[in-house]
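S.K.: Following this message is one structure expressed as structure tokens.
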Amino acid sequence: MIHSVGLIGRGAIGVLYGKLMERFLSKEDLVYIVDEKRKQYYLDNPLICNGKQTDFHYVSTIDEFKKVDLIFISTKYSGLKDAIKLMKPFLKEDTIIVSCLNGISSETILREQFPEHKVIRTIVQGMDSTYLNNEVTFTVLGELLFGEEFVQEKQACDLLEEFYQRVQIPYRRCEDIVFDQWNKLMFNCGINQTCAAYYSTYGGCKVDGVLRDIFIQAMKEVKEVANAYGISLSNENIENWKVVLSQLTDEGMPSMRQDIISHRKTEKELFSGTILPLAKQKGISCKTLQNLYDSITKIENQF
């Protein structure tokens with residue numbers, strides 16, 4: 001049974017799940033693992049979540065806490081290397097590792113670093129959590145998708161399922177988590193990059209017009225590349241993402257748009273940066289994805 005959790009990453013997603021978990025876990029069992037500089041900043045500048053000041057527990061060394069049953073990573077891709085260093089002292093032999101990072105590569109990196117541990121492929125989707133000016137707001141919880149990629153991960157997934165039920169985190173256990181990660185990557189390539197490149201909120205992609213066309217075309221290009229690699233994404237999957245988008249608040253925005261506002265480097269390498277090299281290997285043209293990649297790069301270069 002999972003009793004203790006170390007969260008790494010205190011952005012829009014990390015705060016949402018931290019708030020859900022703290023309803024059922026005490027500070028003796030729930031902690032944010034951060035470096036010393038961030039720890040001091042967070043203590044000096046308490047985060048506001050949905051209008052109320054948070055009271056999270058932060059630690060930077062194992063001496064301040066204990067080894068944990070679950071490591072829950074929700075950093076940006078650029079923060080994964082540091083996350084790996086931070087988490088090492090907190091790992092037990094049977095600690096389960098969950099990565100909520102976008103894309104399809106973080107689990108592979110973590111498995112290379114921690115071959116003896118179970119790293120469970122995970123997707124977070126459908127939430128409208130936003131982090132700006134030291135304040136997180138959310139109204140839609142979305143859901144957490146996970147599943148065993150290999151049969152030896154079944155026990156770890158059973159433990160995760162029991163934990164998510166106990167702390168009342170909306171979840172869905174997937175039969176084909178690799179397919180589902182590609183499916184989420186398709187949506188991210190569309191919505192994240194369109195909102196970032198064109199300074200838009202979700203609302204801009206919900207109404208008929210240029211932005212919605214770009215959002216949809218980007219997903220179509222990912223589908224074509226996925227199909228070339230044996231991943232059976234379909235037009236039905238694209239239609240389903242349109243429904244998901246319609247349920248998000250008009251004023252909400254994806255993480256990449258939040259990065260642009262805060263002048264942070266984005267995760268474009270996880271989106272177009274992942275798909276474009278794969279497309280090139282198969283001789284597939286992805287003009288929309290390339291244009292989005294180039295536009296976001298130009299914006300980043302102005303920071």
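S.K.: Within region 241-300, track down each residue that is part of a loop (DSSP other than H, G, I, E, B), charged (D, E, K, R) and either closer than 15 Å to residue 222 by Cβ or touching an Asp or Glu at 6+ places or on another chain (Cβ under 8 Å) (or both).
M.R.: Passing the criteria: 265, 267, 282.
S.K.: Would you confirm whether any residue within region 111-126 is within 27 Å of residue 263 (Cβ to Cβ) and of a type outside the set (Gly, Ala, Ser)?
M.R.: Yes, the conditions are met somewhere in region 111-126.
S.K.: Please list, ordered by first then second residue, the pairs with beta carbon atoms under 9 Å, 6 or more apart or interchain, first in region 184-199 and in the same structural domain as residue 243 (by TED's automatic domain parsing), second assigned to a loop (DSSP other than H, G, I, E, B) and among the small types (Gly, Ala, Ser).
M.R.: 184/103; 185/103; 188/103; 194/200
S.K.: Among residues belonging to region 13-67 that are among the aliphatic types (A, V, I, L, M) and more than 25 Å from residue 171 (Cα to Cα), point out the one that is nearest to the chain's Cα centre (by Cα).
M.R.: 34
S.K.: For residue 207, indicate whether it is among the aliphatic types (A, V, I, L, M), surrounded by fewer than 20 Cβ atoms within 10 Å (Cβ to Cβ) and at pLDDT below 95.
M.R.: Answer is no for this residue.
S.K.: Here is a follow-up. What do you reckon, is residue 288 outside the structural domain of residue 124 (by TED's automatic domain parsing), within 20 Å of the chain's Cα centre (by Cα) and either surrounded by 23 or more Cβ atoms within 10 Å (Cβ to Cβ) or modelled with pLDDT under 95 (or both)?
M.R.: Judged against the criteria, residue 288 is not a match.
S.K.: Show the residue pairs meeting these rules: Cβ distance below 6 Å; 6+ apart or different chains; first residue within region 208-230 and under 16 Å from residue 277 (Cα atoms); second residue in a loop (DSSP other than H, G, I, E, B).
M.R.: 221/286; 223/233; 224/284; 225/284; 226/233; 228/282
S.K.: From the list 109, 84, which one is modelled with pLDDT of 95 or more, hydrophobic (A, V, I, L, M, F, W, C) and out of contact with any strand residue (DSSP E or B) (no Cβ under 8 Å at 6 or more places or on another chain)?
M.R.: Every option except 84 fails the conditions.
S.K.: If you don't mind, there's one more thing I want to ask. If you scan region 246-273, which residues turn out to be more than 16 Å from residue 102 (Cβ to Cβ) and either buried (at least 19 other Cβ atoms within 10 Å of the Cβ) or of a type in the set (Lys, Arg) (or both)?
M.R.: The answer is 248, 252.
S.K.: Further question on the same structure: For residues that are part of a helix (DSSP H, G or I) and of a type in the set (Asp, Glu), scanning just region 204-233, find the one that is nearest to the chain's Cα centre (by Cα).
M.R.: Result: 221.
S.K.: Give the residues of region 120-156 that are within 17 Å of residue 104 (Cβ to Cβ) and over 16 Å from the mean Cα position of the chain (by Cα), sorted by residue number.
M.R.: Correct list: 148, 149, 150, 153.
S.K.: Of (1) part of a loop (DSSP other than H, G, I, E, B); (2) in contact with a Cys (Cβ under 9 Å, 6 or more places away or on another chain), residue 144 satisfies all except one. Which?
M.R.: (1)
S.K.: Considering only region 1-60, state which residues are in a strand (DSSP E or B) and surrounded by 13 or more Cβ atoms within 10 Å (Cβ to Cβ).
M.R.: 5, 6, 7, 8, 30, 31, 32, 33, 48, 49, 58, 59
S.K.: Hey, could you check region 147-161 for residues that are charged (D, E, K, R) and part of a loop (DSSP other than H, G, I, E, B) and say which is farthest from residue 48 (Cα to Cα)?
M.R.: Among those residues, the one meeting the criterion is 149.
S.K.: Return the residue satisfying two criteria in turn: it lies in region 168-195 and is touching an Asp or Glu at 6+ places or on another chain (Cβ under 7 Å) and either at pLDDT below 95 or not in a loop (DSSP other than H, G, I, E, B) (or both), and of such residues it is nearest to residue 218 (Cα to Cα).
M.R.: This residue is 178.
S.K.: Could you run through region 176-202 and say how many residues are among the hydrophobic types (A, V, I, L, M, F, W, C), under 16 Å from residue 130 (Cα atoms) and over 15 Å from the mean Cα position of the chain (by Cα)?
M.R.: Final tally of qualifying residues: 2.
S.K.: Residues that are surrounded by fewer than 15 Cβ atoms within 10 Å (Cβ to Cβ), among the hydrophobic types (A, V, I, L, M, F, W, C) and not assigned by TED's automatic domain parsing to the domain that holds residue 169: list the strands (runs of 3 or more DSSP E) wholly contained in region 61-137 that include at least 2 such residues.
M.R.: Per the criteria, no element qualifies.
The values are calculated or read from the model by the stated rules, or taken from the named source; none is laboratory data. Keep in mind the model is a prediction, meaning the values are calculated, not measured. Please note: Cβ atoms are built from the backbone with ideal geometry, for glycine as well, and neighbour counts cover all protein chains shown.
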